[in-house]
Amino acid sequence: MKRFVVAIALFILSGCLGMPEMVKPVSGFELNNYLGKWYEVARLDHSFERGLSQVTAEYSLRQDGGVAVINRGYSEAEQKWKEAEGKAYFVNDVTEGYLKVSFFGPFYGSYVVFELDKDNYSYAFVSGPDTDYLWLLSRTPSVAPEVMDKFIQMSKQRGFDTNQLIYVQHPKVEDKS
């Protein structure tokens with residue numbers, strides 16, 4: 001019976017490291033260029049970010065060779081910041097945008113970068129293990145309309161329900177020019 005429970009647990013957990021059928025991770029991924037702060041511009045809704053605005057993700061190197069992850073967002077309803085710390089590791093090669101990320105002990109989920117501005121690392125399109133998880137990340141709180149159009153088009157082609165996208169609110173930054 002113990003082996004059966006372990007086998008079921010492994011089967012369930014392994015499903016979290018897959019990716020949608022039409023999603024393929026980028027190649028030529030350079031972690032050092034990806035590190036730092038990213039703004040969440042758009043996402044599909046899920047319980048762990050529900051109701052949050054001003055969402056950011058910060059990535060840095062861990063001593064064990066992995067990636068430290070700090071996700072942060074503001075809950076207007078609770079009038080407070082929420083933060084989650086996690087860790088991520090490459091699933092295959094370090095030049096492939098396919099990582100496993102954990103915020104809850106030994107449980108990992110997929111983090112698949114399927115499109116990336118490889119010149120400047122200014123935006124990234126990210127998927128989870130299935131088409132319920134989708135993010136548009138940017139180095140700035142907003143993106144050019146052509147980047148948003150590309151995100152919606154590529155995501156729709158890969159089976160994501162882009163009609164359900166949430167556009168994340170960030171404070172307006174005054175133009176000082």
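The values are calculated or read from the model by the stated rules, or taken from the named source; none is laboratory data. Since the structure is predicted, the reported quantities are computational estimates derived from the model, not experimental observations. Cβ atoms come from the backbone with ideal geometry, glycine included; neighbour counts cover every protein chain shown. Heavy atoms of the whole protein, side chains included, go into the accessibility calculation; ligands, DNA and RNA do not. Shrake-Rupley method; radii C 1.70, N 1.55, O 1.52, S 1.80 Å.
How many percent of the alpha carbon pairs in the chain exceed a separation of 21 Å? Please list the in-between numbers first.
Values: 7854 of 15576 pairs.
Cα-Cα pairs in the chain separated by more than 21 Å: 50 percent.
Only the Cβ atoms of Lys and Arg (+1) and of Asp and Glu (-1) were treated as charged; on that basis the dipole of the chain about its Cα centre amounts to roughly 460 debye.
Accessible area per residue for the range 59-177 is 59 Å², calculated with a 1.4 Å probe on protein heavy atoms, without ligands, DNA or RNA.
Ignoring ligands, DNA and RNA, what percent of the 1.4 Å accessible area of the chain is carbon and sulfur?
Working: 5700 of 10600 Å².
Taking all protein chains in place, the chain shows 54 percent carbon and sulfur surface.
Compared with the dominant principal axis of the Cα atoms in the chain, helix 2-15 is inclined by about 30°. Axis of helix 145-157 versus longest Cα principal axis of the chain: the two differ by about 30°, to the nearest ten degrees.
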